[in-house]
Structures are given as C-alpha cells and as structure tokens.
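This report refers to the structure that appears directly beneath it.
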Amino acid sequence: MREWWLHVGLICVPLVAVYLHIPPPQLSPALQKWHNAGQVFHFRGSRIFYRESYGALGSSDVVILLHGFPTSSYDWNKIWDPLAQRFHRVIALDFLGFGFSDKPRPHRYSIFEQASLVEALVAHLGLGNQRVNLVSHDYGDTVALELLYRSDHNRTGHLTLNSLCLSNGGLFPETHHPRLLQRILKDSSFLAPVLMRLTNFMIFQRGILQYINQRLKHRDRWVGALTSTFIPLHMIYGPLDPVNPHPQFIRLYQRQVQRSTVTVLDEHISHYPQLEDPTGFLNAYFNFIHSF
C-alpha cells in the first residue's frame, strides 16, 4: 500500500507541474560539471552525449560503462576516478532517450538500436580493433548481452570484448519484478494514455519501457549468449534489490551461467550497487579484472 501511494505521488507531481507550467530545475553543480566534461557525437541524426577520460599510463586497457533505466552515465560518477587510475581509457555514454542525449519522439526505442549506438561510439573513438571491457547495470545489462551476442557471432561492426561485468539487471524475465509505475506504462493500461497526454511519459510507454517486453521476446537470444560465451564474466549484485529479488535471482544466475564468477555485496545494498557501495563495487570489479 505504501508503494502504491508513493507512485501516485510521483505521478501527481509532474501533472501539477505541467498545469502550472513549472520549468524544470536547473542542473546541480555536480551534474553541470559532468556535462561540461562530456562531448557529443551524432548517431542516425541524433546527438549523443558521452564522456571519456584518459587514465593509467603504460596501459592500453579500455572500459566502457553502460547505465541503467531511467538514469544516465552519471550513475558511474562515484567510481569514475578510481577506474581512470586503473584503465587507460574510461568511456560512458547516455543512451538515446536518456540523460543529455537527444530524445526523439515519436520513436520506437529498442535494445538493438542502443547496442548499435555503442558500436558507433566505439568506431567514432577509433577503438574498432581494441579489446574492450564492458561494465553494465540494469537496462545496460540487456544492451551488453546484445553486444555479447554480436561479438560471439562475429557480426559486422561488433565490439571485440575482453570481459563483461554485469550488475543488478533483469536478465531473466521469470525473476524480474518491475515496479508498479513501470507495469502501468509498459502494458498500456487505462492510465497510460492519460499520463501520455498530460506529461512526457509517451517516451517511456511507447519506447524505452518496451525493453521489458523485449527481454521476454528475445530471452533465448540474450540468455543464450550469456550461457554460451567464453568471454570472462562477472556479476556484482546488491541483494536488497526489489526488482531482482534475493535469493531467487542470484540462484538462477548461478545455475544458468556457471562459468561466471559472482560477488554478492552486503545485505543492505540494493539496486544501485555502484552508487550505494562504490568501494565494494570497485573491489569486486578489480578482483575480477585481475583474475584473468
């Protein structure tokens, strides 16, 4: 019941803002700094925000960070500098429709397009022949699995993957429990058209939130890539996650993906481990990277 009223509140606030013509808030100094440090490239007519740092000398290692829903590359801000001390290049982007990237509408957003966007960024940065390490979270996990599928099947323009580290994403439809607002929007219920007319939720309901349905439709493709690959795999998991609950999610992951190593963080860590426990996240990731 408490969750229901919370989501009612979240729905009402933007409705009131629309009617009162309240402008969006200004960027915080931290977000403005993040934006100023980034760059833009063009993908199929849209402007895509990305950030890149050159770090460790004497290393050629590259790490690419794929954020979740409904956030942005800023999700990685707490672990950015430590990663730059370990890797030669650290790269993150805002997916199409997210963060500082363009949000075209109407537009049919898809995991496949986001994967092609990552490939285009890698080509834009001249890393087409470079082995890259992927770190992903939530929505980014599914994009990473599509990139993994393309890599293992030697598709044109694919990334050459060195490793993949996943974190708290809905890899398995059978253990994924979307929040109430996500279910309302993705299923086109009677509330969705009202929300679409009064707010900007159309971009979610008709586009971005369809990734939940795409996961179900393409489960064999993406889970199959995960279970058959020989690329080093690791999962960093916050067990208090309400979307991918413990222990069902991690038990299924370990049963299905037996070649992967796993780090389960402290019991109070939830859906955003890189923000809630950046030190634990980094320790787990560096242990994984140094293991092969």
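The values are calculated or read from the model by the stated rules, or taken from the named source; none is laboratory data. Just so it is clear, the structure is predicted and the values come from calculations on it, not from any experiment. Because the Cβ atoms are built from the backbone with ideal geometry, glycine has one as well, and the counts that use them run over all protein chains shown. To get the accessible areas, we keep the full protein, side chains included, count just its heavy atoms, and leave off ligands, DNA and RNA. Shrake-Rupley method; radii C 1.70, N 1.55, O 1.52, S 1.80 Å.
Here are the numbers for the structure shown:
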quantity: Residue within segment 228-243 that is in a helix (DSSP H, G or I) and either touching a residue at least 40 places away in the same chain (Cβ under 8 Å) or more than 27 Å from Arg150 (Cα to Cα) (or both) present; calculated: yes
quantity: His268 being open to solvent by 60 Å² or more (accessible area, probe 1.4 Å), without any contact (Cβ under 8 Å) to a residue 24 or more places away in the chain and farther than 15 Å from Leu164 by Cβ; calculated: no
quantity: Selection within segment 244-253 - surrounded by fewer than 18 Cβ atoms within 10 Å (Cβ to Cβ) and under 19 Å from Phe281 (Cβ atoms); calculated: His246
quantity: From the options Thr142, Thr160, residue that is modelled with pLDDT of 95 or more, over 20 Å from Phe281 (Cβ atoms) and out of contact with any His (no Cβ under 6 Å at 6 or more places or on another chain); calculated: Thr160
quantity: Matching residues, segment 107-130, being without any contact (Cβ under 8 Å) to a residue 40 or more places away in the chain, open to solvent by less than 40 Å² (accessible area, probe 1.4 Å) and among the aliphatic types (A, V, I, L, M); calculated: Ala115
quantity: Residues located in segment 60-74, provided they are of a type outside the set (S, T, N, Q) and open to solvent by less than 10 Å² (accessible area, probe 1.4 Å); calculated: Val62, Val63, Ile64, Leu65, Leu66, His67, Gly68
quantity: Breaking point among (1) more than 25 Å from Pro70 (Cβ to Cβ); (2) open to solvent by 10 Å² or more (accessible area, probe 1.4 Å); (3) free of Cβ contacts under 8 Å to residues at least 60 places away in the same chain, for Val257; calculated: (2)
quantity: Pairs, first within 13 Å of Arg51 (Cβ to Cβ) in segment 93-106, second of a type in the set (Lys, Arg) and part of a strand (DSSP E or B), C-beta under 7 Å, six or more apart; calculated: Ser101/Arg47
quantity: Condition check for Leu145: farther than 16 Å from Phe43 by Cα, in contact (Cβ under 8 Å) with a residue 12 or more places away in the chain and either open to solvent by 20 Å² or more (accessible area, probe 1.4 Å) or outside any helix (DSSP H, G or I) (or both); calculated: no
quantity: Every residue from segment 28-59 that is of a type in the set (Ser, Thr, Tyr) and open to solvent by less than 70 Å² (accessible area, probe 1.4 Å); calculated: Ser28, Ser46, Tyr50, Ser53, Ser59
quantity: Filter pass, Leu240 being surrounded by fewer than 19 Cβ atoms within 10 Å (Cβ to Cβ), of a type in the set (A, V, I, L, M) and modelled with pLDDT of 95 or more; calculated: yes
quantity: Test result for Val135, part of a strand (DSSP E or B), modelled with pLDDT of 75 or more and not polar (S, T, N, Q); calculated: yes
quantity: Residue tally, condition free of Cβ contacts under 8 Å to residues at least 40 places away in the same chain and either buried (at least 19 other Cβ atoms within 10 Å of the Cβ) or of a type in the set (Asp, Glu) (or both), over segment 271-287; calculated: 2
quantity: Filter pass, Arg150 being over 16 Å from the mean Cα position of the chain (by Cα) and part of a loop (DSSP other than H, G, I, E, B); calculated: no
